[in-house]
Amino acid sequence: MNNPIIEKIEAILVDLPTIRPHHLSMTVMKKQSMVIIRLFCSDGIEGIGEATTIGGLSYGEESPESMKLNIDTYFAPLLVGQDATNIHKAMFWIEKNIKGNRIAKSGIETALLDAHGKRLGVSIGTLLGGAITETLPVLWTLASGNTQQDIEEAEHLLTIGRHNTFKLKIGWQAPEISIAHVAAIKKALGDRAKVTVDVNQAWDESTAKISIAKLQEAGIDLIEQPIVKENFEGLARLTKMFTVPIMADEALNDSADAYKLAKIRGGDVFALKIGKSGGLHNVLKVAAIAEAADISLYGGTLLEGTIGSVASAHAFSTLKTMSWGTELFGPLLLTDDIVKTKVAFSNASMKIPQGPGLGLELDLEKLNQYKRK
Ligand code: MUC
Ligand code: MG
């Protein structure tokens, strides 16, 4: 009997409003734009995936619009007619013919895995070799742009028990203002919460040296990507200089980056993201290099909605230890969703859906409502 083939791929631009403006060093988000992928197979099975970045072209080289265009023009013709059950072969074919475009590749691989999981009646975690956990710790990012509002937001989330770790997005103001903001929040929350910061590459190395010393003094738990992504040696120098752990985010994409960074210990922690690495299998290769180098793991996000966040969660659930937890809170930053069953977040963690594939079902009415017209 012949295996089912991929018959059609649709890439749909979806814009969902955020619950409040989200301030990062490179942009202020008032909505999230995602590319939702529908992959139809000849056995009647549909797989779904998500390709999402942050702030148009402000985070990286792929924009939502370029991802849709490239999926329609290049990915789909390569995939239509291919065996829908052989994910490695389909991704190998894509890799051979398409350079870069890692976020789009991740969305496509997610849709292939979702379809195959549905076909076999198993979750993506099972397809990847088996999940070690069905829940993952999830922090919340405070980024309203206002210190007092951030404190109130954190207090509320601590009271309802939804989160106990907060990441602050800094670097969009002068370093002294950023540090005062962080110190005020840490002082208000005290030992009741862990506080981490993400500078998103905003400082040069000498500013980072001065500023991280002050953040360490203020009791901050983790410093994420303080300097430009290309400065690997700088990350290594900062890692050596401070007790507070330094995390590589934008510097780390695929396993080649992981290898180079691990060799010079450019970070105590690696931020894993399926989009940065070009998919779920690739992110696990990055994790393997980190594990071999005794570098800790953190489950990162590109602020994906539910589909991308759950895909990430399935990959992360197969890892032995995620010492720094995850930031898969993307769905909670959005006012609405395009899946029927929302993911449950409580006790500072998320419950990973265990149904076949991703364990999610698209809400076609909502998809149509938020689809870019
Ligand atoms: C990033 O750079 O880590 C993660 C949380 C958040 O608010 O933004 C992201 C991206
Ligand atoms: Mg980051």
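Within segment 1-26, residues that are of a type in the set (Lys, Arg) and at pLDDT 95 or above reach partners that are within 16 Å of ligand 1 (Cβ to nearest atom) and part of a loop (DSSP other than H, G, I, E, B) with beta carbons closer than 7 Å, at six or more positions or on different chains, in the pairs ARG20/SER144. Of all residues in segment 163-215, exactly one satisfies the criterion of being in contact with a helix residue (DSSP H, G or I) (Cβ under 7 Å, 6 or more places away or on another chain) and acidic (Asp, Glu), namely GLU205.
Taken over segment 108-135, residues that are surrounded by fewer than 24 Cβ atoms within 10 Å (Cβ to Cβ) and not in a helix (DSSP H, G or I) amount to 10.
Hey, any hits in segment 110-118 for a residue that's within 16 Å of ligand 1 (Cβ to nearest atom), under 17 Å from the mean Cα position of the chain (by Cα) and modelled with pLDDT of 95 or more? Walk me through it before giving the result.
Residues of segment 110-118 that are within 16 Å of ligand 1 (Cβ to nearest atom), as a first pass: none.
No - not one qualifying residue is present in segment 110-118.
Based on this model, can you work out whether GLU327 counts as within 15 Å of ligand 2 (Cβ to nearest atom), under 27 Å from LYS99 (Cβ atoms) and among the acidic types (Asp, Glu)? No: the conditions fail for GLU327. Counting only residues that are within 16 Å of ligand 1 (Cβ to nearest atom) and among the aliphatic types (A, V, I, L, M), segment 1-33 holds 6 of them.
So that you can scan it fast, the table gives a plain yes or no per residue for (1) part of a loop (DSSP other than H, G, I, E, B); (2) in contact with a Pro (Cβ under 7 Å, 6 or more places away or on another chain):
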| position | (1), (2) |
| --- | --- |
| THR301 | yes, no |
| SER309 | no, yes |
| THR318 | yes, no |
| SER323 | yes, no |
| LEU332 | no, no |
| ASP336 | yes, no |
| LEU360 | yes, yes |
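Report yes if LYS105 is in the same structural domain as ALA51 (by TED's automatic domain parsing), buried (at least 17 other Cβ atoms within 10 Å of the Cβ), closer than 22 Å to LEU284 by Cα and not acidic (Asp, Glu), otherwise no. It is true that LYS105 is in the same structural domain as ALA51 (by TED's automatic domain parsing), buried (at least 17 other Cβ atoms within 10 Å of the Cβ), closer than 22 Å to LEU284 by Cα and not acidic (Asp, Glu). Quickly run through segment 345-358 and pick out the residues that are in a loop (DSSP other than H, G, I, E, B) and more than 18 Å from THR165 (Cβ to Cβ). Once the filter is applied, which keeps residues that are in a loop (DSSP other than H, G, I, E, B) and more than 18 Å from THR165 (Cβ to Cβ), segment 345-358 yields ILE352, PRO353, GLN354, GLY355, PRO356, LEU358.
Checked against (1) loosely packed, with under 15 Cβ neighbours inside 10 Å; (2) over 13 Å from GLY279 (Cα atoms), HIS88 meets all criteria but (2).
I want to confirm something. Restricting to segment 278-289 and keeping residues that are away from ligand 2 (no atom under 16 Å from the Cβ) and assigned to a helix (DSSP H, G or I), which single residue is nearest to the chain's Cα centre (by Cα)?
Out of the qualifying residues, it is LEU280.
Tally up the residues in segment 233-259 that are away from ligand 2 (no atom under 15 Å from the Cβ), under 21 Å from the mean Cα position of the chain (by Cα) and in a helix (DSSP H, G or I), please. Summing the residues that are away from ligand 2 (no atom under 15 Å from the Cβ), under 21 Å from the mean Cα position of the chain (by Cα) and in a helix (DSSP H, G or I) in segment 233-259 gives 4. In the set (1) closer than 26 Å to LYS340 by Cβ; (2) buried (at least 20 other Cβ atoms within 10 Å of the Cβ), the condition left unmet by THR318 is number (2).
The values are calculated or read from the model by the stated rules, or taken from the named source; none is laboratory data. All values reported here derive from a predicted model rather than from experimental measurement. Glycine gets a Cβ as well: all are built from the backbone with ideal geometry, and neighbour counts include every protein chain shown.
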